[in-house]
1. Need the failing condition index for residue 48 against (1) at negative phi; (2) of a type outside the set (Lys, Arg); (3) modelled with pLDDT of 95 or more, just the number.
2. In the range 57-80, is there at least one residue being in contact with a Gly (Cβ under 8 Å, 6 or more places away or on another chain), open to solvent by 40 Å² or more (accessible area, probe 1.4 Å) and at pLDDT below 95?
3. Checking residue 69 against (1) closer than 14 Å to residue 22 by Cα; (2) touching a helix residue (DSSP H, G or I) at 6+ places or on another chain (Cβ under 7 Å), which single condition isn't satisfied?
4. Within the range 12-21, track down each residue that is assigned to a loop (DSSP other than H, G, I, E, B) and surrounded by fewer than 16 Cβ atoms within 10 Å (Cβ to Cβ).
5. Tally up the residues in the range 36-53 that are loosely packed, with under 15 Cβ neighbours inside 10 Å and closer than 15 Å to residue 18 by Cβ, please.
Amino acid sequence: MVTRNSHLSLKPITLCAMEPRKAGKIDHLETKNLGILQKLIAMGILPGMPITLLRRSPSYLFEVDQTRYAVDEEIANHIYVSY
């Protein structure tokens, strides 16, 4: 698990649970799969970064730091977001 942002007090939700066009901040990444964690970190998906979910289908399209990414549900379930 990558460290959590302590300044946000609301319970984080997964990217899969977000509503499209909602914005928040990445709270933490949670996975036991080192490959997925390394991929997310290499993409710049890090705690504290602002994130906006653009759409859910056919893949989860989101924006972090003015860059758009598309991931499947398995990976989106490891990204936790706070509002």
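1. Residue 48 satisfies every listed condition except (1).
2. As a first pass, look at the range 57-80 and keep what is in contact with a Gly (Cβ under 8 Å, 6 or more places away or on another chain): 64-65, 67.
Remaining after also requiring open to solvent by 40 Å² or more (accessible area, probe 1.4 Å): 65, 67.
Among the residues that remain, those that are also at pLDDT below 95 are: 65.
There is at least one residue in the range 57-80 that is in contact with a Gly (Cβ under 8 Å, 6 or more places away or on another chain), open to solvent by 40 Å² or more (accessible area, probe 1.4 Å) and at pLDDT below 95.
3. Going through (1) closer than 14 Å to residue 22 by Cα; (2) touching a helix residue (DSSP H, G or I) at 6+ places or on another chain (Cβ under 7 Å) one by one, residue 69 breaks only (1).
4. In the first step, residues of the range 12-21 are kept if they are assigned to a loop (DSSP other than H, G, I, E, B); the result is 12, 18-21.
Result: 19, 20, 21.
5. The number of residues fulfilling the criteria is 2.
The values are calculated or read from the model by the stated rules, or taken from the named source; none is laboratory data. This one's a predicted model, so the numbers in the text were calculated from it and none came from an experiment. Methodologically, a virtual Cβ is constructed for each residue, glycine included, from the backbone with ideal geometry; neighbour enumeration extends over all protein chains shown. Only protein heavy atoms, including side chains, enter the accessible area calculation; ligands, DNA and RNA are left aside. Shrake-Rupley method; radii C 1.70, N 1.55, O 1.52, S 1.80 Å.
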